[in-house]
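Right, one structure below, let's go through it.
The values are calculated or read from the model by the stated rules, or taken from the named source; none is laboratory data. Quick caveat, the model's predicted, so the values are computed rather than measured. Ideal geometry is used to build each Cβ from the backbone, glycine not excepted, and the neighbour counts take in all protein chains shown.
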């Protein structure tokens with residue numbers, strides 16, 4: 001009997017020694033229903049009820065971390081100590097996540113300012129967004145950003161660029177930490193190999209930014225902002241593989257170099273060596289790649305606490321695509337067709353705040369790019385060096401917020417094409433000024449202008465004006481207008497000129513492109529009493545080019561003709577984003593864009609090729625805390641776009657169908673520092689060959705050995721199968737070339753990679 005009582009006493013004592021934690025989760029005195037509350041060390045927790053109240057029972061004595069989280073708010077972590085049986089009350093006030101609206105952005109005005117305060121609309125995408133659809137490069141990661149479309153330009157080498165609001169890739173400027181790193185030769189490959197482990201966020205400005213950033217920023221700006229060594233995790237690792245046998249690894253680590261130098265190292269390695277030909281045309285569906293990128297950033301601690309940072313990147317890539325039997329022994333020959341690109345690239349960039357009382361910064365960047373490529377038996381060798389220096393002075397005087405700057409850019413470029421008889425050396429000296437004037441509490445106007453002197457094209461002036469009205473704390477109305485200019489470099493931007501059998505024809509000296517743009521933007525944030533939060537943003541824009549260098553694929557199917565625009569080009573449209581956050585773990589993002597693009601050349605109006613009429617993107621995230629699981633469903637949809645055909649007999653469709661790429665991902669987060677994720681990419685298994693007899697024209701004859709070109713005489717071989725005479729330079733239809741085609745891999749508008757599964761693991765050590 002004594003033993004029984006002893007057992008009961010022990011059990012009762014054990015039960016009695018356990019504690020209950022209860023409390024309320026709120027934000028600004030408003031309850032947050034269905035918020036997640038967890039004890040990190042024990043992996044137990046609960047959700048708040050409709051009144052924001054929670055309770056966790058039967059907790060043993062000890063010291064724990066109480067974690068409270070709610071979508072749209074910053075996660076709270078509190079240390080609590082339990083030493084005796086009691087009921088502990090813990091009330092937590094959550095702060096709204098800065099990622100919603102109040103985050104600091106720098107890309108719109110070249111100075112740090114709240115997203116709700118900047119007169120220039122800036123969209124921000126953090127690493128959380130990038131993780132929803134893991135990719136091996138930033139180029140693919142942007143596929144679910146509304147109004148931004150990664151465009152592939154070649155079925156074989158998979159070159160690509162970024163379209164913003166219907167404008168082609170060369171009109172999009174890409175910077176790293178504000179420095180123009182990705183330009184010229186790197187336009188088509190520059191977004192590959194930037195280690196995702198080093199990316200803090202991506203800021204996107206849609207519309208002209210030439211008044212601050214100069215040439216190339218006509219259609220928009222993508223600024224990739226890297227992490228700082230002081231705030232980055234101690235170590236970060238991310239590895240994933242796919243059922244296509246793609247392998248990607250991202251590593252990041254910070255370390256000290258002496259007492260005053262903090263360093264952050266990032267490494268990206270990607271390998272894809274599994275040649276696949278699902279559409280049975282004897283050509284690789286996806287380019288094979290072997291790529292490594294190493295990035296190191298140094299922050300120097302100064303007694304003055306002023307900023308000083310230097311970063312360097314090395315990039316090396318070997319990629320090829322072509323006929324399935326191809327290997328490197330066939331490189332540059334006429335036996336087996338292949339496109340092989342060797343790229344080596346060095347980058348250096350830095351920022352230094354001068355040791356003076358005024359807020360003055362000096363920034364610099366240097367890139368060295370070497371490309372050794374073959375496209376069948378066509379050799380393309382190119383070297384490019386770009387040195388860039390910039391100095392800015394930021395000064396507030398009463399209701400004026402000034403930014404004054406000067407910049408100098410030097411570019412050396414040389415290749416073996418007919419367009420570059422001698423190496424080209426370009427120098428651009430720039431002076432720019434910006435003044436944001438606060439007219440009243442809710443009204444401000446921004447005036448900006450930039451003067452550039454190009455040693456080839458002379459003086460260029462680009463003004464800008466913006467107006468901002470902030471009627472409430474959670475809404476803003478903005479109008480932006482400005483001009484843009486760009487100097488064209490055909491063979492670094494138009495790889496269609498290097499692949500296939502079309503001849504490149506430049507009819508005259510190409511002048512800088514000039515444009516005018518106006519953009520109207522409205523943004524509003526809502527907080528509903530039922531715990532639902534919403535952010536809605538809508539924009540409309542109009543862009544008009546007085547001169548634009550566009551490739552003419554229509555006049556002659558065997559040529560790509562470049563000339564100054566004798567007419568005009570315009571693009572207009574509307575776009576919208578709606579983000580909804582629900583209190584039960586659901587977050588949705590939806591975006592749409594409707595656009596209309598027209599070119600008028602020599603009195604003839606046409607729609608530019610590879611420009612969609614409308615598009616949509618979405619992302620749906622559902623968190624299930626009790627299962628430690630997050631589900632992400634992402635996708636995009638594109639309307640019809642005109643495609644480059646090779647003539648009236650080309651059997652391929654003139655317009656693309658409506659198409660969509662959709663993905664799903666499951667992320668398991670139970671483990672302390674690990675995340676395990678898996679999912680499926682391209683759920684619908686969509687590829688561009690749907691509805692087409694073939695994608696690559698004359699894949700069976702890539703060197704055009706059996707193609708007859710009319711010489712313009714009355715010889716019998718210059719008459720087609722229909723008996724009609726074929727003009728000089730045109731392809732003649734024959735029994736073995738019924739459709740009068742030449743080899744052409746440029747008929748591409750979407751990725752040619754089908755459905756595939758993936759699995760990966762992340763490790764984060766703070």
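Here are some notes:
- Yes/no for residue 134 being farther than 29 Å from residue 285 by Cα and assigned to a loop (DSSP other than H, G, I, E, B): no
- One residue from 346, 412, 352 being under 26 Å from the mean Cα position of the chain (by Cα), over 30 Å from residue 441 (Cβ atoms) and outside any loop (DSSP other than H, G, I, E, B): 346
- Any hit, region 98-114, residues being at pLDDT 85 or above and within 18 Å of residue 617 (Cβ to Cβ): no
- Only one of 651, 688 that is crowded, with 17+ Cβ neighbours inside 10 Å and closer than 27 Å to residue 744 by Cα: 688
- Of 297, 306, 351, all but one fail to be touching a strand residue (DSSP E or B) at 6+ places or on another chain (Cβ under 6 Å), within 29 Å of residue 365 (Cβ to Cβ) and buried (at least 21 other Cβ atoms within 10 Å of the Cβ); the exception is 297.
- Strands (runs of 3 or more DSSP E) contained in region 52-95 and holding at least 1 residues out of contact with any helix residue (DSSP H, G or I) (no Cβ under 8 Å at 6 or more places or on another chain) and free of Cβ contacts under 8 Å to residues at least 40 places away in the same chain: 53-59, 62-69, 76-82
- Test: residue in region 490-511 that is closer than 30 Å to residue 454 by Cα, at pLDDT 80 or above and crowded, with 22+ Cβ neighbours inside 10 Å: no
- Any hit, region 686-695, residues being modelled with pLDDT of 90 or more, over 30 Å from residue 663 (Cβ atoms) and under 32 Å from the mean Cα position of the chain (by Cα): no
- Checked against the criterion of being over 24 Å from residue 537 (Cβ atoms), surrounded by fewer than 16 Cβ atoms within 10 Å (Cβ to Cβ) and within 30 Å of the chain's Cα centre (by Cα), region 456-465 contains one or more residues that satisfy it.
- Among the candidates 279, 268, 260, the residue that is more than 30 Å from residue 131 (Cα to Cα), surrounded by 19 or more Cβ atoms within 10 Å (Cβ to Cβ) and in contact (Cβ under 8 Å) with a residue 40 or more places away in the chain is uniquely 279.
- The single residue among 415, 401 that is more than 30 Å from residue 340 (Cβ to Cβ), in the same structural domain as residue 320 (by TED's automatic domain parsing), buried (at least 17 other Cβ atoms within 10 Å of the Cβ) and touching a strand residue (DSSP E or B) at 6+ places or on another chain (Cβ under 8 Å) turns out to be 401.
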